[in-house]
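Here's the structure, in structure tokens; my notes come after.
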Amino acid sequence: MASRQLIEERLRGTQPGGDPVKALMAGLEPRQAEELRKLLPSEFSRAAVLVPIVDRPEGLTILLTQRASHLKNHPGQISFPGGRVERTDASPWETALRETEEEIGLGREHISLAGYLTDHFVISGYLVTPAVAFVRTDFELELDVTEVDEVFEVPLDFVLDPANHVPRERRFGGHTFKAVDIAYQRYNIWGATAGMLMTLYRTLREG
């Protein structure tokens, strides 16, 4: 069972990334990641997401969003709140906080930084910095319906249980890659979001 103390210990002192060479790809093995990296655009944009861990008395949960179905990129997919780094953002942490407030109305006064996971590439051409944070439970949300259809929570212990890590094969650029999906109730968490959760899983298991 994951605890707040364990997460704080594993992430203490971590810093936001920025080196594309060290970035992960949807939880893929290094060899597969290298193959897929060759298919990605040579230019990429920087982004940051918040990995919000809600500190509920009955246990920690991960807060996730379902992207609006009309969006051009990744419509309807499960994701973390976040987005492109703007020139006025002082850091990836500031990007994650700003985007989270804009997308779902979760104010920064409810959020405290635990640390960072390794950067992840996504095939749409972004290098994403995941900022892991704890969220107090006394929050109210206001969704931007132009970006988000729904918000829900998944117990962290469910996410970290290997029995819930479903191996999948994905195809991109004529190549087949092995990845992991996490199915929870009617939601299927896959792609970069599942990859970041798998990175969190490995960090807590192996750290």
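Quick check: from the Cα gyration tensor, does segment 80-137 come out rounded (a/c under 1.5), prolate or oblate?
Values: a/c = 1.79, a/b = 1.45, b/c = 1.23.
The shape class here is prolate.
Need one number: nm distance between label points at Phe44 and Glu58, each 7 Å from Cα along Cα→Cβ, rounded to one decimal.
3.9
What order, most packed first, do the peptides 138-146, 98-106, 80-88 have when packing is the mean number of other Cβ atoms within 10 Å of each residue?
Ranking the peptides 138-146, 98-106, 80-88 by packing returns 98-106, 80-88, 138-146.
Near Thr61, within a Cβ-to-Cβ distance under 10 Å, what is the net charge of the other residues, with Lys and Arg +1 and Asp and Glu -1? Don't skip to the end; give the middle numbers.
Numbers: positive: Arg56; negative: Asp55, Glu58, Glu153, Asp157.
Result for the neighbourhood of Thr61: -3.
Along segment 144-156, what does the Karplus equation 6.51 cos²θ - 1.76 cosθ + 1.60 (θ = phi - 60°) give for ³J(HN,Hα), rounded to whole Hz, x for Gly and Pro?
Calculated HN-Hα couplings, in order: 7, 5, 6, 10, 10, 8, 7, 10, 8, 10, 10, x, 4 Hz.
Quote the FRET efficiency, to the nearest 0.05, computed for Asp138 versus Thr176 with a Förster distance R0 of 45 Å and r equal to the Cβ-Cβ distance. Kindly include the intermediate steps, with their values, before the conclusion.
Details: r = 46 Å, r/R0 = 1.02.
Given R0 = 45 Å and the Cβ-Cβ separation, E is 0.45.
Roughly how many Å is it from the Cα centre of segment 85-109 to that of segment 146-162, as a whole number?
20
Give the calculated FRET efficiency between Arg186 and Ser91 to the nearest 0.05, with a Förster radius of 41 Å applied to their Cβ-Cβ distance. Walk me through the intermediate numbers first.
Details: r = 36 Å, r/R0 = 0.87.
FRET efficiency, Arg186 to Ser91: 0.70.
Just to confirm a number: summing +1 for Lys and Arg and -1 for Asp and Glu over residues other than Thr95 whose beta-carbon lies under 9 angstrom from that of Thr95, what do you get? The partial results should precede the final answer.
On the way: positive: Arg46, Arg84, Arg98; negative: Glu86, Asp89, Glu94, Glu99.
Cβ neighbours under 9 Å give a net charge of -1.
Quick note: the coordinates plus some simple rules give every number you see, no bench work behind them. All values reported here derive from a predicted model rather than from experimental measurement. Note that we place each Cβ from the backbone using ideal geometry, even for glycine, and neighbour counts take in every protein chain shown.
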